[in-house]
């Protein structure tokens with residue numbers, strides 16, 4: 001059975017216009033969960049020009065990297081949507097709220113960590 005790992009990153013909550021203007025670290029993965037909410041995976045300097053922004057470590061997601069074709073096949077069997085060409089898609093898949101972050105030829109399936117075992121079972 002595939003095993004998910006905790007995906008550690010930073011959560012940034014700020015006004016949408018502020019997040020639009022951020023220059024993200026070059027080697028980081030940016031998942032724009034909502035207009036005012038980013039999950040940033042990776043390291044690097046971060047300058048968010050908003051004194052009211054909330055920036056904190058995020059350890060509440062678990063995930064697994066899959067090849068793009070494998071992720072697309074799984075989504076086809078378990079959801080009414082699939083990975084996008086590049087970036088984030090999110091919705092229900094196999095009865096779970098899933099985030100799918102496509103980067104090149106790989107796809108990161110993310111769920112809330114409390115659902116990690118459930119997703120592992122559905123990937124088996």
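So the values come out like this:
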quantity: Members of segment 87-101 that are touching a helix residue (DSSP H, G or I) at 6+ places or on another chain (Cβ under 8 Å) and within 15 Å of residue 33 (Cβ to Cβ); calculated: 97, 98, 100
quantity: Residue list for segment 58-83, filter: farther than 21 Å from residue 5 by Cα, in contact with a strand residue (DSSP E or B) (Cβ under 8 Å, 6 or more places away or on another chain) and loosely packed, with under 13 Cβ neighbours inside 10 Å; calculated: 80
quantity: Residue ranges of strands (runs of 3 or more DSSP E) in segment 45-124 with at least 1 members modelled with pLDDT of 95 or more and within 21 Å of residue 8 (Cβ to Cβ); calculated: 54-67, 96-103, 106-112
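The values are calculated or read from the model by the stated rules, or taken from the named source; none is laboratory data. Bear in mind the structure is a predicted one, so any value in this text is a computation, not a measurement. Reconstructed Cβ throughout: ideal geometry from the backbone, glycine too, with neighbour counts over all protein chains shown.
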